[in-house]
Amino acid sequence: MISISSSGEIVEGDSVTLICSSDSNPPAEISWFKGGTFVGSGRIYSISKISSDHSGEYKCKSINEHGEKDSDAVILNI
């Protein structure tokens, strides 16, 4: 599951934080993808000074020894 930390509507120049919550055991390694392209790792993915270039579909993937699981996608429209 992904939650977005932002103050309401996202406007250009804002900072946006995406948080991927994974309750897997053992703890999973988290990777972030934008439209299928790897963009970062870790539970929290932050974008500072967001622009229209950042618009798109974001997903996080959790991977551990039991396999991998994709989150639902979050669409950012800037």
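The values are calculated or read from the model by the stated rules, or taken from the named source; none is laboratory data. This one's a predicted model, so the numbers in the text were calculated from it and none came from an experiment. No Cβ is skipped: glycine too gets one built from the backbone with ideal geometry, and neighbour counts run over all protein chains shown. Only protein heavy atoms, including side chains, enter the accessible area calculation; ligands, DNA and RNA are left aside. Shrake-Rupley method; radii C 1.70, N 1.55, O 1.52, S 1.80 Å.
A few comments on the model shown:
- Residue in region 24-32 that is open to solvent by 70 Å² or more (accessible area, probe 1.4 Å) and at pLDDT below 90 present: yes
- Residue check, ASP23 assigned to a loop (DSSP other than H, G, I, E, B) and either touching a residue at least 24 places away in the same chain (Cβ under 8 Å) or within 12 Å of the chain's Cα centre (by Cα) (or both): no
- Among residues of region 28-47, those that are over 8 Å from the mean Cα position of the chain (by Cα) and of a type in the set (A, V, I, L, M, F, W, C), counted: 5
- Region 43-56, residues that are in contact with a Leu (Cβ under 8 Å, 6 or more places away or on another chain) and either modelled with pLDDT under 90 or not hydrophobic (A, V, I, L, M, F, W, C) (or both): TYR45, SER46, HIS54, SER55, GLY56
- Residues being of a type in the set (Lys, Arg) and assigned to a strand (DSSP E or B) - total across region 36-77: 3
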